[in-house]
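First comes the structure, then the notes that go with it.
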Amino acid sequence: MDETTFVTQLLKCKSQHEALLMALVGDPHAAEDLYQQAAMVMTRKRAELPEEVPFTAWSRSVLVNVVRDYRKMMARRRVRVLDDSALEQVAHAFERLDEDELSDRREALRECLNQLQDEHRAILWQRYEERLSFEELAKRHDRSSGALETLLYRLRKVLADCIDRRLRQTGASA
């Protein structure tokens with residue numbers, strides 16, 4: 001594959017790659033680092049890409065291999081990671097998503113988040129972006145850890161239902 005085609009394909013798949021990595025490792029910082037590693041591996045190995053193999057399938061296999069290496073390193077550090085079966089299941093689930101579907105889902109998520117109360121949006125932000133523990137959230141919001149766990153479960157369910165409803169309304173795949 002020539003360099004221009006390769007770079008075009010890599011950029012076209014970037015957000016899909018990042019979403020897959022985030023799903024596989026659950027840590028936005030690690031996912032960003034792994035994307036950079038995978039992009040370097042793909043750049044080095046682009047000449048080995050057979051013409052008949054779709055770029056997305058090849059790049060996904062590179063991502064999965066980079067995550068496997070990361071998991072091995074994390075296991076040596078005694079950090080819990082997805083087992084091979086779960087890793088493969090998540091990777092296969094992403095095969096069915098294309099960039100338009102991810103974009104539709106992100107837009108639906110934005111719209112659904114805007115419907116939530118400000119406090120609920122803040123709790124979601126603090127838990128998933130700031131990565132606060134339930135204990136830290138409990139202190140900030142003067143609630144018990146259990147109450148916050150239940151609230152977050154309900155908020156995730158409300159968001160998932162809202163996203164599915166919006167995707168059905170717009171005709172995008174749910």
Item to complete: Taking GLU51 as meeting all but one of (1) modelled with pLDDT of 85 or more; (2) farther than 28 Å from ARG127 by Cβ, write down the number of the exception.
Response: (1)
Item to complete: Check off (1) modelled with pLDDT of 90 or more; (2) under 30 Å from ARG127 (Cβ atoms) for VAL62 and give me the number that stays unchecked.
Response: (2)
Worksheet item: Does any residue in segment 1-22 that is without any contact (Cβ under 8 Å) to a residue 12 or more places away in the chain come within less than 7 Å, Cβ to Cβ, of a residue that is surrounded by 14 or more Cβ atoms within 10 Å (Cβ to Cβ) six or more places away or on a different chain, and which pairs are these?
Response: MET22/PRO28; MET22/ALA31
Fill in: Candidate set: segment 116-132, residues that are more than 20 Å from the chain's Cα centre (by Cα) and either small (Gly, Ala, Ser) or surrounded by 13 or more Cβ atoms within 10 Å (Cβ to Cβ) (or both); chosen: the one nearest to PRO28 (Cα to Cα)
ALA122
Worksheet item: Checking LEU97 against (1) closer than 25 Å to ARG165 by Cβ; (2) at pLDDT 85 or above; (3) outside any helix (DSSP H, G or I), which single condition isn't satisfied?
Response: (2)
Practice prompt. Could you please tell me which pairs satisfy a Cβ distance under 8 Å, a separation of 6+ or placement on different chains, a first residue in segment 62-77 that is closer than 12 Å to VAL41 by Cα, and a second residue that is of a type outside the set (A, V, I, L, M, F, W, C) and surrounded by 21 or more Cβ atoms within 10 Å (Cβ to Cβ)?
Written response: LEU63/HIS17
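The values are calculated or read from the model by the stated rules, or taken from the named source; none is laboratory data. Computed from a predicted structure; not experimentally measured. A quick note on method: Cβ atoms are made from the backbone with ideal geometry, for glycine too, and the neighbour counts reach across all protein chains shown.
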